[in-house]
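Structure first, commentary second.
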Amino acid sequence: MADRVTVIGWDGSPLTAAARSALSAATLVAGAAHHLALPEVPGTAERIRLGSVSLAARRIAGHRGSAVVLADGDPGFFGVVRTLRAPEHGLEVEVVPAVSAVAAAFARAGMPWDDARIVVAHPRDLRRAVNICRAHPKVAVLTSPGAGPAELALLLEGVHRTFVICEELGTERERVTVVTSDKAADHVWRDPNVVVVVGGSGTSPAPGGGWLAGRDPGYPPAARGWALPPEAYDAGPGPAAGTEPGPGRPANDTAREGEGAALRALQLARLGPREGDLVWDVGCGAGLLAVDAARFGAAVIAVDADPGACARTDAAARRAGARIQIVNGRAPQVLERLPEPDVVRIGGGGARTVEACADRRPERIVTHAVTRDGAEAVAAALAAGGYEVECVFAQSVAFDPRGWSERERAVVFLVSGRLPERAPRP
């Protein structure tokens, strides 16, 4: 095993005294080509071109002498330190830090970044990085070959964002470009680069800054809890799906599907939306479930054939500070042009819409019916698509606590499907 392993971060600035001292004593130096060309690298040291960090770690583990690993930016921030310290290599390292590429990118843009999300994009999981950009107003993306600004822009089709693209930070070829997302795919960008993605509707960051990096869960101000009554979202009061007439409610006052608080809570529990997911809310109504899913950190596309429903969804999202893409169109036809979902909630459309959603292979699909025949039809469609199906008959009764009179009764069949053969997407 190497007698000493020093990891040096490099941000283009002159090397520190500690970094120069470690390099002068090194008998093995690993790094990219531009690192190995630094004049401080001893001519007698063995040189390893850093491609696979795991392969380099094995070489270092078998080396007798002092080893140095050079890496761009802060090597402890999405960098090589994690791999070098992995148990299978058994390396203890000293770190000489530098300014991270993310900090440098935001400095070049003249923007604070304590309220930013930071993601690493690789071709295999680029869609998850894109979903973070859909869901949040400020994101830094550490790109890689095949998962750069052009690919980000292509997957963000239909969502307007501004890109601050920082190429080859810290080098003589450094370049910073500001471009809208619809133009980024028209250019070839040099690696390595960092993309700061900003924009989207919603409230501004908390005045004076927050207290938690990435996101302040208490801002924008919102009522505590999930699946709240419609008036909490400024959507106006309304009955639950499957509501039967109650005192003071006319018999023809039926609910817009899926907006009842009890049903939304059950649907959210089945879906489990999370950071990096893309949620389809098909038949979004007033957008209450869409807003809740966005508050969990997921990216959301809300779909409805009714322009008025789309307007209500937009209003609810703006009030909650949620970033939701709204598509006015009729399912299942409109679904063909949407990006791949992770989970889907269907508020209306019946078995044909369920079949169309199942064809896209999301991990989970949740819908409901107000009759047993309707529940059997959508359950059969899910089962035919290869989903494990669960159906729950749910009833909720709201009382007026002043006189304990029944105010509202909701009866619904909640039907959910889980795709058994598919692990969660990375």
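Quick one: Ala18 ticks every box in (1) assigned to a loop (DSSP other than H, G, I, E, B); (2) farther than 30 Å from Val195 by Cα except a single one, so which number is it?
Failed condition: (1).
Under the condition of being outside any loop (DSSP other than H, G, I, E, B) and in contact (Cβ under 8 Å) with a residue 40 or more places away in the chain, which residue from segment 152-173 is farthest from Gln325 (Cα to Cα)?
Cys166
For segment 27-51, give me the residue count where each residue is over 12 Å from Ala2 (Cβ atoms) and either in contact (Cβ under 8 Å) with a residue 60 or more places away in the chain or of a type in the set (D, E, K, R) (or both).
Looking only at that region, the number is 4.
Restricting to segment 170-188, give me the number of residues that are surrounded by fewer than 17 Cβ atoms within 10 Å (Cβ to Cβ) and either at pLDDT below 85 or in contact with a Gly (Cβ under 7 Å, 6 or more places away or on another chain) (or both).
Number satisfying all stated conditions: 1.
How many residues, within segment 375-403, are open to solvent by 60 Å² or more (accessible area, probe 1.4 Å) and in a strand (DSSP E or B)?
Number satisfying all stated conditions: 7.
On the basis of being at pLDDT 95 or above, open to solvent by 40 Å² or more (accessible area, probe 1.4 Å), of a type outside the set (Ser, Thr, Tyr) and over 16 Å from Gly349 (Cβ atoms), does Arg295 make the cut?
When the stated conditions are applied, Arg295 does not pass them.
So which strands (runs of 3 or more DSSP E) are wholly in segment 80-151 and hold at least 1 residues that are open to solvent by 60 Å² or more (accessible area, probe 1.4 Å)?
Filter on segment 80-151 gives 94-96.
Within segment 404-411, is there a residue that is among the small types (Gly, Ala, Ser), part of a strand (DSSP E or B) and exposed (fewer than 13 other Cβ atoms within 10 Å of the Cβ)?
yes
Please determine whether any residue of segment 406-426 is touching a strand residue (DSSP E or B) at 6+ places or on another chain (Cβ under 6 Å), farther than 23 Å from Pro273 by Cα and without any contact (Cβ under 8 Å) to a residue 12 or more places away in the chain.
no
Please go through segment 1-26 and pick out each residue that is hydrophobic (A, V, I, L, M, F, W, C), in contact (Cβ under 8 Å) with a residue 40 or more places away in the chain and surrounded by fewer than 18 Cβ atoms within 10 Å (Cβ to Cβ).
Met1, Ala18, Ala25
The values are calculated or read from the model by the stated rules, or taken from the named source; none is laboratory data. For clarity, every value in this text was computed on a predicted model and none was experimentally measured. Reconstructed Cβ throughout: ideal geometry from the backbone, glycine too, with neighbour counts over all protein chains shown. The protein model used for the area step is the full one, side chains on, heavy atoms only, and it has no ligands, DNA or RNA in it. Shrake-Rupley method; radii C 1.70, N 1.55, O 1.52, S 1.80 Å.
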